[in-house]
1. Which one of these is in a strand (DSSP E or B), out of contact with any helix residue (DSSP H, G or I) (no Cβ under 9 Å at 6 or more places or on another chain) and not hydrophobic (A, V, I, L, M, F, W, C): N84, N64?
2. Scan (1) within 27 Å of I103 (Cα to Cα); (2) modelled with pLDDT of 85 or more for the single condition E58 breaks and write down its number.
3. Can you name the residue in the stretch 87-106 that is out of contact with any helix residue (DSSP H, G or I) (no Cβ under 7 Å at 6 or more places or on another chain) and of a type in the set (A, V, I, L, M, F, W, C) and, of all such residues, is surrounded by the fewest Cβ atoms within 10 Å (Cβ to Cβ)?
4. Of K109, K148, which residue is surrounded by fewer than 12 Cβ atoms within 10 Å (Cβ to Cβ), within 18 Å of the chain's Cα centre (by Cα) and in a helix (DSSP H, G or I)?
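The values are calculated or read from the model by the stated rules, or taken from the named source; none is laboratory data. In this text the structure is predicted, and so the values were computed from the model without any measurement. Positions of Cβ are generated from backbone atoms using ideal geometry, with glycine treated the same way; all protein chains shown enter the neighbour counts.
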Amino acid sequence: MTDRKTLKIRTPSAEDAAPALKRKGRGWEISEKRLDALHERARDMRRHSSEAHKVLAERFAKANLGRYTFKRHAVVGSAIVDFNCHHLGMAIDIDEEGEDEAIARRRDKSLEAVGVRVMHIKAADVLENIDDVLARITAGMRMRIADKKEAARAHREANPNQHYSRPNRKKADNAQDR
């Protein structure tokens, strides 16, 4: 006769342990110390904003953009962007005089790698032609919304067995009224 094999449960080792959850940084590989320094720097940038930042922030505050809101001097990964819309995955960078272009290109490349599109606007354009700047931003938002819808449609076609249905709230509300 042959020997029967039995199922054995092995004890988990240190290598098999699940990685610790990252409390901060939303999954980015950033140390706590570095992330705290980034948030402190962004807070300082909000306190001492340039005139172009103030003008654009005021226009964003007055605009009714629905769920597409722009946060000023937001920390995205290991970078600080001038304005960020999390829902769209879109960042706006106001190009000031005397900024280091090499650092800006490296930041933009790392943000593009994770799906955040960066739009560059000159500070002089914000101060002189704010309406044209807002038209460019709106066009960029429309393009980004269309890209997101196209990606969602492609995902649904590639995964036909996944269903993301929501309950019909109107029927539920009518049942409670009776």
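1. Being in a strand (DSSP E or B), out of contact with any helix residue (DSSP H, G or I) (no Cβ under 9 Å at 6 or more places or on another chain) and not hydrophobic (A, V, I, L, M, F, W, C) holds for just one of N84, N64, which is N84.
2. Going through the list (1) within 27 Å of I103 (Cα to Cα); (2) modelled with pLDDT of 85 or more, E58 breaks only (1).
3. The residue in question is A102.
4. The conditions single out K109.
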